[in-house]
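J.: Below: one structure in C-alpha cells.
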C-alpha cells in the first residue's frame, strides 16, 4: 500500500471559458489598434462594414425566401391547395423546410463571420509578423 490518498485538487471556476476551438478573435492585435488610433479606426470601421455586409446579405436571402413564400401562396392559389405526401405544400414549406433553412443560414453566417475576423486579425499582424498559430483541429477534422 502506498501513502494516504490525497483528494483531487479543486479548481475554482470563476466564469465561462473564453477560448473556443476553431474560433478566431480580433483581440490579438488590440495593442496595435491603440498604438495608432487613426489606423485603428480605419481597421475597425472596415471590420464592422464587412460584418454588416455579411449580416445584411444573409438577412436579405432569408427575407426573400421566407417572405416570398406567403407572396407566392397569395399570387398562385393552386399552391395553397397543393398536396405533397399527403401534407399541404404550405405547411410542409413553412413548418418543415423553413427550420433547416434557418439553421443553414446561421451556420453560413457564423462560418463567414469567423473568416472576416480571421482576415481582420491577419491584417493587424501585417506582413512583418508571422500569423498566429492555428488552433488544434476539433473532433472529426481529418
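J.: Using label points projected 7 Å from each Cα along Cα→Cβ, tell me how many nm separate residue 55 and residue 115, to one decimal.
T.: 1.9
J.: Quick one: if you stick a label point 7 Å off each Cα along the C-beta vector at residue 103 and residue 6, how many nm between them?
T.: Computed distance between label sites residue 103 and residue 6 equals 4.6 nm.
Any read-out appearing in this document is the output of simple, stated calculations on the displayed coordinates, not a laboratory observation. These figures come from a predicted structure and were not determined experimentally. Here the Cβ is made from the backbone with ideal geometry for all residues, glycine too, and neighbour counts use every protein chain on show.
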